[in-house]
Amino acid sequence: RKDLDYMLFAYSIRSNIYLALEDTVKALDDLGQIIRLMPKDTRGYEKRGNLYYQMGKYDLSDADYKKMTELDPGETMGYMGLGRNANARKDWDGAIRQFDHVMKLSSDYSQPYAFRAEAYIGKEMWNEGTDDIVSALKCGADRKAMYMATEIKNEQVSDMLVAKMRVQMAKSPNSG
């Protein structure tokens, strides 16, 4: 077991080095080794699913994230990955379903609100999207939500968001 831990650590670090060297083939091979050594551990699938996402290989990424949800249905990251992939495909309804599920698992987690806001804005559901940006910010200093708040180009939607943020500030004047 001790050797296995060292091997997993070595493969993980080496995959990071390969990624820094932009050698995704070797990085994927090392991530595959991690999965072969620990097929019931979600961390290897998560790391590989994220790499596939970055490469634009959403079907392969989905497969890893689905495996994560099978191995640990109560863990949020698999569903977050599936939702993020759906957003990338502009499958807004699929993304919303995934993020809704994450919120059921962890209601005080800011990320599903921020990513669901992206889906609502993609569907031009401005009220719901701005509500989710405010909810994400209420959960914590969510970078994605902050970025989205500054990137709204529609003046009417921007005014709606500012009004909602002012209401939230009045409710919680000592909150960041």
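The values are calculated or read from the model by the stated rules, or taken from the named source; none is laboratory data. Here the structure is a predicted model, which is why all the values come from computation and not from measurement. With ideal geometry, Cβ positions are generated from the backbone for all residues, glycine too; neighbour counts draw on all protein chains shown. Quick note on the areas: whole protein, heavy atoms, side chains included, nothing else; ligands and nucleic acids left out. Shrake-Rupley method; radii C 1.70, N 1.55, O 1.52, S 1.80 Å.
Mind grabbing the accessible area of K67 for me, 1.4 Å probe, Å², rounded to tens?
Accessible area, nearest 10 Å²: 70 Å².
From the convex hull of the Cα coordinates of the stretch 8-100, what is the mean projected area in square nanometres?
Averaged projected area of the stretch 8-100's Cα convex hull equals 5.6 nm².
Dipole of the chain, Cα-centred, from +1 at each Lys and Arg C-beta and -1 at each Asp and Glu C-beta, to the nearest 20 debye?
Working: 26 positive and 27 negative charges, 50 e Å.
That gives the chain a dipole magnitude of about 240 debye.
Springs between alpha-carbon atoms under 10 Å, Gaussian network over the chain: tell me which of L161, L21, L137 tops the mean-square fluctuations.
Judging by the Gaussian network model, the answer is L21.
Among G94, I34, I121, which residue has its Cα furthest toward the positive end of the charge dipole of the stretch 29-134, with +1 on Lys/Arg Cβ and -1 on Asp/Glu Cβ?
Working it through, the farthest residue towards the positive pole turns out to be I34.
Taking the Cα-to-Cβ direction at D23 and at F9 and moving 7 Å from each Cα, how far apart do the two end points lie in nm?
Output for this residue pair reads 2.3 nm.
Calculate one ³J(HN,Hα) per residue across the stretch 53-64 by plugging θ = phi - 60° into the Karplus curve 6.51 cos²θ - 1.76 cosθ + 1.60, and present them in order as whole Hz with x for glycine and proline.
After applying 6.51 cos²θ - 1.76 cosθ + 1.60, I find 4, 4, 7, x, 9, 5, 5, 5, 5, 4, 4, 5 Hz.
Work from the charge dipole of the chain (Cβ charges, +1 for Lys and Arg, -1 for Asp and Glu, about the Cα centre) and give the residue of A149, G44, M165 farthest towards its positive end.
Towards the positive end, the residue furthest out is G44.
Can you send over the carbon and sulfur percentage of the accessible area for the stretch 39-176, probe radius 1.4 Å, protein chains only? Display every interim value, and only then the final one.
Values: 3780 of 7780 Å².
The computed percentage sits at 49.
If you roll a 1.4 Å probe over the heavy atoms of the protein chains, what accessible area per residue do you get for the stretch 61-164, in Å²?
I get 50 Å² per residue for the stretch 61-164.
Could you work out which residue, out of V134, V102, V162, moves most in a Gaussian network model of the chain, that is, has the largest mean-square fluctuation with Cα springs under 10 Å?
Result for the chain, Cα springs under 10 Å: V162 fluctuates most.
For the chain, what is the Kirkwood estimate of the hydrodynamic radius, computed as the reciprocal of the mean inverse distance between distinct Cα atoms, to one decimal in Å?
With all distinct Cα pairs of the chain included, I get 17.6 Å.
Find, among the GluC sites (Glu not before Pro) in the stretch 80-176, those assigned to loop by DSSP (not H, G, I, E, B) with at most 11 other beta-carbon atoms within 10 angstrom.
Loop-located and lightly packed - E124.
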